[in-house]
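Chemist: What follows is a single structure, and I will ask about it in a moment.
The values are calculated or read from the model by the stated rules, or taken from the named source; none is laboratory data. These numbers were taken from a predicted model, which means no experiment stands behind them. Counting neighbours? That spans all protein chains shown, and the Cβs are built from the backbone with ideal geometry, glycine included. Just so you know, the surface numbers come from the protein's heavy atoms only, side chains and all, with ligands and any DNA or RNA stripped out. Shrake-Rupley method; radii C 1.70, N 1.55, O 1.52, S 1.80 Å.
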Amino acid sequence: MNPSDTGRPEGDAGAAAEVKPLLDAPQTPAAAVVMWIFVVGPVICLIVVVPLVWGWGLSALDVGMAVAAYLVSIVGLTVGYHRLFTHRSFKAKRGLRIALAVAGSLGVEGSPVQWVANHRRHHAFADREGDPHSPWRFGTDTRALLKGLLHAHVGWMLKRELSNRARFAPDIAADRDLRLIGRLFGPLAAVSLLAPALVGGLVTGTWTGALTGFFWAGVMRMALLHHVTWSVNSVCHVAGRRPFASRDKATNFWPLALLSFGESWHNSHHADPTGARHGVLPGQLDPAARLIRVFEKLGWVHDVRWPNPDRLSARPLPEPSGPHESAA
Ligand SMILES: [Zn+2]
Ligand SMILES: [Zn+2]
């Protein structure tokens, strides 16, 4: 039986799981330093570099590589890490699972097992104590909410806290392919950042081409992807509409639908977490769901959990309401 069918929080099933602690041992100081570099570094880079390269430092090749790399890595994160590995919204052939795990690793958001553990913990405790990244953590007044938004967006990653993989992602930890890809996370992250430099250098035959390829299609593409996915954790629990009843404050925030590949239909997702489509209402763009549909037609995925009208129709709120109304 799927855990969500029982109303029990996902990833937190079974009596045995309840005795395991929420957290693993704290991450090492070295890992914390790396997190600071990857979270804060790109923003500083952008501020420093853009005035220097203005007018000459961005080529059509850089833009093309950045778009291609963005598409590969966001497909890996949304279709692979999130909908397949975390929520088991569908089953996929081994080759596709491996490809999605590699593509997700190129998004530079951690190994599959750690990402899944964090995200299942988020669903299990959404906007309550134990949620790794709730913007409502410090309270509901403006000051507390601003602090909470910063915490949900980036702050939680800078703390030395790791969700317990044995409790929240034992299936991922037991998967040999995903374990191997997890061990290769460092090299894959390096490939993600350096491959655009190599292509840029080879195509243009210049060091400048290598440098701008690295900067735009490597670092800045990664940073944009990060802030879009982190906005699902921060903005999509505060701003937007809540057409479906869920136990948390998740919202549907349309401006991020395209860039997030459909992940910003986050209220619908929390209302029906195992659904393969998050944009369930008419006109809601969900590129990740479209791609899953294509994979299904090709025979690469099966047992797709397309939205269940019974579950969703049982959950509409009488009036669309903002999160602040229920925040008090
Ligand atoms: Zn959420
Ligand atoms: Zn989710």
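Chemist: Please go through the stretch 45-64 and give me each residue that is hydrophobic (A, V, I, L, M, F, W, C) and either closer than 16 Å to A223 by Cα or not in a loop (DSSP other than H, G, I, E, B) (or both), ordered by number.
Modeler: Answer for the stretch 45-64, where residues must be hydrophobic (A, V, I, L, M, F, W, C) and either closer than 16 Å to A223 by Cα or not in a loop (DSSP other than H, G, I, E, B) (or both): C45, L46, I47, V48, V49, V50, L52, V53, A60, L61, V63.
Chemist: Is it true that A144 is small (G, A, S), assigned to a helix (DSSP H, G or I) and modelled with pLDDT of 95 or more?
Modeler: No.
Chemist: Which residue pairs have Cβ atoms closer than 9 Å, lie 6 or more positions apart in sequence or on different chains, and pair a first residue in the stretch 80-108 that is on the phi > 0 side of the Ramachandran plot with a second residue that is among the polar types (S, T, N, Q)?
Modeler: Matching pairs, first to second residue: R88/N2; R88/T274; V108/S73; V108/S192.
Chemist: Which ones in the stretch 85-94 are surrounded by fewer than 23 Cβ atoms within 10 Å (Cβ to Cβ) and within 16 Å of ligand 2 (Cβ to nearest atom)?
Modeler: Matches in the stretch 85-94: R88, F90.
Chemist: Let me ask another. May I ask you to list the residues in the stretch 88-142 that are closer than 19 Å to G186 by Cα and aromatic (F, W, Y)?
Modeler: Listed by number, the list holds a single entry, W115.
Chemist: Are any residues in the stretch 66-84 open to solvent by less than 30 Å² (accessible area, probe 1.4 Å) and more than 16 Å from ligand 1 (Cβ to nearest atom), and if so, which ones?
Modeler: Correct list: A66, A69, Y70, S73, I74, V75, G76, V79, G80, L84.
Chemist: Looking only at the stretch 269-282, which residues are out of contact with any Pro (no Cβ under 7 Å at 6 or more places or on another chain) and closer than 19 Å to D131 by Cα?
Modeler: H269, H270, A271, P273, T274
Chemist: Filter the stretch 262-310 down to the residues that are part of a helix (DSSP H, G or I), surrounded by fewer than 16 Cβ atoms within 10 Å (Cβ to Cβ) and either at pLDDT below 95 or at positive phi (or both) and list them by number.
Modeler: Within the stretch 262-310, P309, D310 qualify.
Chemist: Can you tell me how many residues in the stretch 243-285 are more than 16 Å from ligand 2 (Cβ to nearest atom) and of a type outside the set (A, V, I, L, M)?
Modeler: So in the stretch 243-285, the residues more than 16 Å from ligand 2 (Cβ to nearest atom) come out as 243, 245, 254-255, 258-259, 281-285.
Now narrow it down to the ones that are of a type outside the set (A, V, I, L, M): 243, 254-255, 282-284.
Final tally of qualifying residues: 6.
Chemist: Anything in the stretch 95-139 that is within 15 Å of ligand 1 (Cβ to nearest atom), farther than 30 Å from A66 by Cα, open to solvent by 10 Å² or more (accessible area, probe 1.4 Å) and among the hydrophobic types (A, V, I, L, M, F, W, C)? List them, or say none.
Modeler: F125, W136
Chemist: Show the residue pairs that are 6+ apart or on different chains and have beta-carbon atoms under 9 Å apart, the first residue being within the stretch 243-259 and open to solvent by 30 Å² or more (accessible area, probe 1.4 Å) and within 12 Å of ligand 1 (Cβ to nearest atom), the second being of a type in the set (A, V, I, L, M, F, W, C) and not in a helix (DSSP H, G or I).
Modeler: R247/A126; K249/A126; K249/W136; K249/V238; K249/A327; F253/V238; F253/A239; F253/W265
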